[in-house]
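Asker: Below is the structure I would like to discuss, written out as C-alpha cells.
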Amino acid sequence: MEPTDDTRLLKTIAAAPQLRTPDETEALLDSMPLGELASMWCALQRVSRRDQIGSIWAIKVYFDHLPHRKPQAALNLVLDVLKTEADKPTVMQLNDKFLLALFYAHGKEMMARVEQEAAHNDRLRWLLGGVHVGPDDPLMSRIASLADREAWHADHLAQRTPREPLDCANMSVAELARAWVEQYSRSERDQDDNLFAIMDFERDLREDDPDRMIDLILEILKIESNPVLLSLLAAGPLEDVISVGTIDRIEREARADARFRDLLGGVWYYRAPDDLKARLDALIGESRW
C-alpha cells in the first residue's frame, strides 16, 4: 500500500462515526473483506503514537483483540499481509501483534494449520523466526523446526539498529527533550534502539540526578502539547521521579508553572506514603485526568 493510500484510508477511519464504541467497531470491521482489513492493519502500523486517538485508537484495540476473539480470522489476516505487503518493518509487526497472542491463547488449535501453511510459505517461516514461547512449551520444538531464525534475526537487528545512535549522557537538556519527543512519537513499527537508550537514561536520571529529570520534563513541556505524549510523560518520567526527596521541587515547579501542575493530574500515586500523598492531593485538587 502506498503512503497516499494510507492517508486516504486513515482519514476515512477517523471520520467514521460507527467506530466510536467497541461493539460498533467490531460489527463494522468483522464484516469487512479480508483484503481491506489487511490493508487497514498495514496502514495503522505507520501511524505515529501522537495520532493514535479517536477511531484510530478504536481500530487499534480491535486488532489487538482479534487473535483472542477470532483466532482463525487473525491467522487469515497474517497470511494475507504476508502475501500482499512489501514493507518489511510493517510485516514484522505481525509477530508481536498476532502470532505471539495466537500461540499463547490458542497454541494447539493454531499449530497444525501453521505447520500446513508454512510447508509452502517462506515468508511465514521467516516470521516464525521471531516467535519465542517458553522453553518447556511443547510447541517450541515444532515452531523451531519451521522457523527461519537466522533470516529473522538479521532483519530484526537491522530494524532495531539506529542510523545515528543517541549519546544521551553528552546531550543538553534541550537536545534530550527533542529526542524524547521524537522517539516517543514513533509508531512501534518505526521504533529502534534509540528509544531504549532514552528509557535507560530516564532511569539513570531518576536514580542518580532526579533534579535533571525534572529539568527534562519541564523542557519537554515547553515544546510539546500533544495529549498522547503528555499522558506518556505524566505516567512515565513524572510519576517515576516523584518521591519524598523531590516533592519540594515538585511543589515549587507546580506553583510556578500551570502546565506542570496540570501534568501532575496524569500521575497515579495511590501507593505513595501518606505524607507524600497528602501533598500531591493539595497540588492536584480536582484536576486529575
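The values are calculated or read from the model by the stated rules, or taken from the named source; none is laboratory data. In this text, all values refer to a predicted model and were calculated from it rather than measured experimentally. Cβ placement follows ideal geometry from the backbone for every residue including glycine, while neighbour counts extend to all protein chains displayed.
Asker: Quick one: in segment 159-195, which of the residues that are more than 19 Å from the chain's Cα centre (by Cα) and among the small types (Gly, Ala, Ser) is nearest to ASP209 (Cα to Cα)?
Answerer: Checking each candidate, the answer is ALA169.
Asker: Residue pairs, Cβ under 8 Å, 6 or more apart or interchain, first in segment 134-157 and modelled with pLDDT under 90, second assigned to a helix (DSSP H, G or I) and small (Gly, Ala, Ser). List them.
Answerer: Every condition considered, the pairs that remain are ASP137/GLY107; LEU139/GLY107.
Asker: Quick one: how many residues across segment 223-246 are in a helix (DSSP H, G or I) and either in contact with a His (Cβ under 6 Å, 6 or more places away or on another chain) or among the aliphatic types (A, V, I, L, M) (or both)?
Answerer: At the first step, the residues of segment 223-246 found to be in a helix (DSSP H, G or I) are 223, 227-241.
With the extra rule that they be either in contact with a His (Cβ under 6 Å, 6 or more places away or on another chain) or among the aliphatic types (A, V, I, L, M) (or both), the set shrinks to 223, 228-230, 232-235, 238, 241.
Number satisfying all stated conditions: 10.
Asker: Then there is this: Under the condition of being under 18 Å from ALA86 (Cβ atoms) and polar (S, T, N, Q), which residue from segment 113-160 is surrounded by the most Cβ atoms within 10 Å (Cβ to Cβ)?
Answerer: Here the answer is ASN121.
Asker: Quick one: SER141 ticks every box in (1) over 20 Å from ASP192 (Cα atoms); (2) in contact with a helix residue (DSSP H, G or I) (Cβ under 6 Å, 6 or more places away or on another chain) bar one, so which box is it?
Answerer: Every condition holds for SER141 apart from (2).
Asker: Then there's this: For segment 73-87, state whether one or more residues are under 23 Å from LEU232 (Cβ atoms), without any contact (Cβ under 8 Å) to a residue 60 or more places away in the chain and assigned to a helix (DSSP H, G or I). So that I can check it myself, show each step before the final result.
Answerer: Taking segment 73-87 first, the residues under 23 Å from LEU232 (Cβ atoms) are none.
So far as segment 73-87 goes, no, none of its residues is under 23 Å from LEU232 (Cβ atoms), without any contact (Cβ under 8 Å) to a residue 60 or more places away in the chain and assigned to a helix (DSSP H, G or I).
Asker: Hey, can you tell me all the residues within segment 42-51 that are assigned to a loop (DSSP other than H, G, I, E, B) and surrounded by fewer than 17 Cβ atoms within 10 Å (Cβ to Cβ)? First the steps, then the outcome.
Answerer: Filtering segment 42-51 for residues assigned to a loop (DSSP other than H, G, I, E, B) gives 45-48.
Within segment 42-51, SER48 is the sole residue that qualifies.
Asker: While we're looking at this one, here's another question. Any idea which residue in segment 165-190 is surrounded by the most Cβ atoms within 10 Å (Cβ to Cβ), counting only those that are touching a residue at least 24 places away in the same chain (Cβ under 8 Å) and more than 17 Å from ILE217 (Cβ to Cβ)? Give the steps one after another, and end with the answer.
Answerer: In the first step, residues of segment 165-190 are kept if they are touching a residue at least 24 places away in the same chain (Cβ under 8 Å); the result is 165-166, 168-169, 173-174, 176-178, 180-181, 184-190.
Those left that are additionally more than 17 Å from ILE217 (Cβ to Cβ): 165-166, 169, 186-190.
On the way: PRO165: 11, LEU166: 20, ALA169: 9, ARG186: 15, SER187: 18, GLU188: 14, ARG189: 18, ASP190: 16.
Here the answer is LEU166.
Asker: I've got another one for you. Any residue at all in segment 279-289 that is in a loop (DSSP other than H, G, I, E, B) and on the phi > 0 side of the Ramachandran plot?
Answerer: Looking through segment 279-289, at least one residue is in a loop (DSSP other than H, G, I, E, B) and on the phi > 0 side of the Ramachandran plot.
Asker: Enumerate the pairs (first residue in segment 21-40 and in the same structural domain as GLN93 (by TED's automatic domain parsing) and in a helix (DSSP H, G or I); second residue anywhere and at pLDDT 95 or above and of a type in the set (Phe, Trp, Tyr)) with beta-carbon separation below 8 Å, excluding pairs fewer than 6 apart on the same chain, so at least 6 apart or on different chains.
Answerer: PRO22/TYR62; THR25/TYR62; GLU26/TYR62; LEU29/TYR62
Asker: Is segment 127-135 home to any residue that is part of a helix (DSSP H, G or I), of a type outside the set (S, T, N, Q) and more than 19 Å from the chain's Cα centre (by Cα)?
Answerer: For segment 127-135, residues part of a helix (DSSP H, G or I), of a type outside the set (S, T, N, Q) and more than 19 Å from the chain's Cα centre (by Cα): present.
Asker: Report every pair of residues separated by at least 6 positions or lying on different chains whose Cβ atoms are under 8 Å apart, first residue within segment 100-122 and in contact (Cβ under 8 Å) with a residue 12 or more places away in the chain and closer than 15 Å to LEU66 by Cα, second of a type in the set (Phe, Trp, Tyr) and surrounded by 16 or more Cβ atoms within 10 Å (Cβ to Cβ).
Answerer: Sorted first by the residue in segment 100-122, then by its partner, the pairs are MET110/PHE103.
Asker: Right, something else. What are the residues in segment 256-273 that are more than 15 Å from LEU221 (Cβ to Cβ) and charged (D, E, K, R), if any?
Answerer: Listed by number, the list holds a single entry, ARG271.
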